[in-house]
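Trainee: To start, I am sharing the structure in question, which I have written as structure tokens.
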Amino acid sequence: MGAEGRGERLWFLDWLRVIAVFGVFVFHTLRPFDDGDWHVKNAQTSEGISVAIAFLGLWGLAFFFMISGSAAWLALRWRSALEFLRERSLRLLVPFVVAYVLLSPLQYFIEEHHKGRSTSSFLGDAGTFFSDLAGDAPLWLRDTYHLWFLIYLIQFAVLGLPVFLLLRGKTDWIARRCQRRGSILLLAVPLVPIHLVLLAAPGPEHGWGEFVFFFDFFVVGYLVMSDERLLAAVRRDAVPGLILGIGAFVLGVVTGIIDFLDGWWPSPGYSWPYAWYSPLITLAVWGWLVAVLGLGLRAPALQRPLPPRLARAAMPYFIIHQPVILAIAYFIVTWHTNLWLKYAVLLPTTFAISALLAWLLSSTPVINQLFGVKR
């Protein structure tokens, strides 16, 4: 039985979710300045920022999905399967539809003008956007921008539900084998061959290979929360997890994973270098997830209630932050000054505007529910 079954509130999960949202915000503020393609790009880029993006992207999104899997355990704790799906629809599907209709055309307009592909008005580009919405599986829609995360979560909730129901009361075998120090890290072992086979599956950005990769960590998040012995193992093994995460990442960097991923992500495929880097990615991700979750369990500051306003603003902040970043970056990247000065303006400006808008959205009756705030 997990901690919630004993009547304890797991405040650290609320804090980690907010920290994860902020991490995604920082990640997106860096994207105009790394070496990869993005919606708005600065002429000058930074190799250091590219390494930071590779590091954050390596485990940060997987952490976000793992926390979401943990939240699914909490949501199912006192709900039936149908009640769980209804709650997920209100918290995920409704905000996605609202944000896709209202914010994706704006991001499309900014990107098309920045890249010189359009000179139309906003209404003209919005008309083009809505003229053809069909996209490739598993996103099913095109030009979802950062909202792909919500599409994944909606599908994960549906696909994960039978898995979660199957796992109820059947985690004893796994928990008993995670009692020795470092043993929780062995949960990565079955993931290595799965990711090796599927992560390189051909397809569009955010395709099936990535879908399975993140779904695995979503399920692991549920699994860890479902048994207090697994939670205790994560808390105990935070330092070994950190060592594994750092070690696998450094080994990857030293052997050229940054250059490999630059060419591999746009067109995934199987190769001998991929066979080397794929297990390193899985091990590094799981090591960092154990480390961060374990440190979250240990940190006294995260064992107290999250301020209600902060908790309510988390989802609206996630939804609104990227359009704000694109809108401000569209102008900042044209300045004739150095990269770091531009970033020094972009980071605090977009944070403040996103925070203000998130507070307004989360505080306005009816509107707040459309953006995923609990009643």
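The values are calculated or read from the model by the stated rules, or taken from the named source; none is laboratory data. Since we're looking at a predicted model, the values are computed, not measured. These area figures cover heavy atoms from the full protein model, side chains too; ligands, DNA and RNA do not enter into them. Shrake-Rupley method; radii C 1.70, N 1.55, O 1.52, S 1.80 Å.
Trainee: Return, for the Cα atoms of the range 125-262, the radius of gyration and Dmax in Å, separated by a comma.
Mentor: 18.5, 59
Trainee: Sort 246, 281, 328 by heavy-atom solvent-accessible area, probe 1.4 angstrom, most to least. Before the final figure, lay out each step's value.
Mentor: Numbers: 246 80, 281 15, 328 45 Å².
From most accessible down to least: 246, 328, 281.
Trainee: What number comes out for accessible area per residue over the range 289-375 if the probe is 1.4 Å? Units Å², please.
Mentor: Spelled out: the 1.4 Å probe surface of the range 289-375, per residue, equals 50 Å².
Trainee: Then there is this: Over the Cα atoms of the chain, compute the convex hull volume and normalise it per residue, giving Å³.
Mentor: Dividing the Cα hull volume of the chain by its residue count gives 143 Å³.
Trainee: Quick one: how many Å² of residue 136 are accessible to a 1.4 Å probe, rounded to 10?
Mentor: Surface accessible to solvent at residue 136 totals approximately 100 Å².
Trainee: Further question on the same structure: Take 78, 286, 359, 173 and sort them by solvent-accessible surface of the protein heavy atoms, 1.4 Å probe, largest at the top.
Mentor: I get 78, 173, 359, 286, largest accessible area first.
Trainee: I'd like the accessible area for residue 146: 1.4 Å probe, protein heavy atoms, all chains in place, Å² to the nearest 10.
Mentor: 10
Trainee: Continuing with this model, one more query. How much of the pair distance distribution for the range 281-375 lies past 19 Å, counting alpha-carbon pairs only, in percent?
Mentor: Percentage above 19 Å: 61.
Trainee: Something else now. If you count only protein heavy atoms and use a 1.4 Å probe, how large is the accessible surface of residue 88, to the nearest 10 Å²?
Mentor: 40
Trainee: Rounded to the nearest angstrom and ordered from largest down, what semi-axes does the equivalent ellipsoid of the range 164-243 get from its C-alpha gyration tensor (root of 5λ)?
Mentor: 26, 15, 10
Trainee: Still on this structure, please answer the following. Quick one: Debye curve from the C-alpha atoms of the range 12-89, no solvent, what's log10 I(q)/I(0) at q = 0.24 Å⁻¹?
Mentor: Computed log10 I(q)/I(0) values: -1.04.
Trainee: Run the accessible area of the range 1-105 with a 1.4 Å probe and give the carbon-and-sulfur part as a rounded percent.
Mentor: Using a 1.4 Å probe with all protein chains present, the range 1-105 comes out at 65 percent carbon and sulfur.
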